[in-house]
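Contents: one structure, followed by commentary.
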């Protein structure tokens, strides 16, 4: 029997509203809460999702350089890696030194992965 259930995955960042907008567009999910210091991207206001918390001193990861570790990263499944590559760059992501590895606008790394065979189409 579990002790708890995942509510939000929370990323520290200097601008929660901007990062929530980035991930909302990336994942096609609305921003359901935003008070300027804390924002949530989820299916609706009663669903867990990604949350973004103001941290003015947050230091972007320097992966693959271990000086500042990843801290957290997300795998994002996509139907087409090439189309997704162009799409995330247009949203403001930065390509990092790895296959399909990017940084969001606040410097958090994330990976694009091909949709597993068991998952329904993303688009």
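The values are calculated or read from the model by the stated rules, or taken from the named source; none is laboratory data. What you see is a predicted model; the values in this text were computed from it and never measured. Every residue, glycine among them, receives a Cβ derived from its backbone with ideal geometry; neighbour counts consider all protein chains shown.
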**Q.** Residue under evaluation residue 9, criteria (1) outside the structural domain of residue 116 (by TED's automatic domain parsing); (2) surrounded by 16 or more Cβ atoms within 10 Å (Cβ to Cβ); (3) not in a helix (DSSP H, G or I), criterion not met
**A.** (2)
**Q.** Leading residue by the ranking (surrounded by the most Cβ atoms within 10 Å (Cβ to Cβ)) among those in region 85-98 that are in contact with a helix residue (DSSP H, G or I) (Cβ under 9 Å, 6 or more places away or on another chain) and part of a loop (DSSP other than H, G, I, E, B)
**A.** 93
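Out of the residues in region 100-123 that are free of Cβ contacts under 8 Å to residues at least 40 places away in the same chain and over 17 Å from the mean Cα position of the chain (by Cα), state the one that is surrounded by the most Cβ atoms within 10 Å (Cβ to Cβ). Break it down into steps so the answer makes sense when it comes.
Pass one, region 100-123, residues free of Cβ contacts under 8 Å to residues at least 40 places away in the same chain: 100-102, 110-118, 120.
In the following step, the residues that additionally are over 17 Å from the mean Cα position of the chain (by Cα) were identified as 116-118, 120.
Details: 116: 7, 117: 5, 118: 5, 120: 5.
Ranking the candidates gives 116 first.
If you check 51, 21, 106, which single one turns out to be in a loop (DSSP other than H, G, I, E, B) and in contact with a strand residue (DSSP E or B) (Cβ under 7 Å, 6 or more places away or on another chain)? Give the derivation first.
Working: 51 fails: in a loop (DSSP other than H, G, I, E, B); 21 fails: in a loop (DSSP other than H, G, I, E, B).
After ruling out the rest, the residue left standing is 106.
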(Q) Against the definition (modelled with pLDDT of 95 or more and within 23 Å of residue 84 (Cα to Cα)), how does residue 36 come out, yes or no? (A) no
Q. Restricted to region 51-73, and to residues that are surrounded by 15 or more Cβ atoms within 10 Å (Cβ to Cβ) and at pLDDT below 85, which residue is nearest to residue 21 (Cα to Cα)?
A. 73
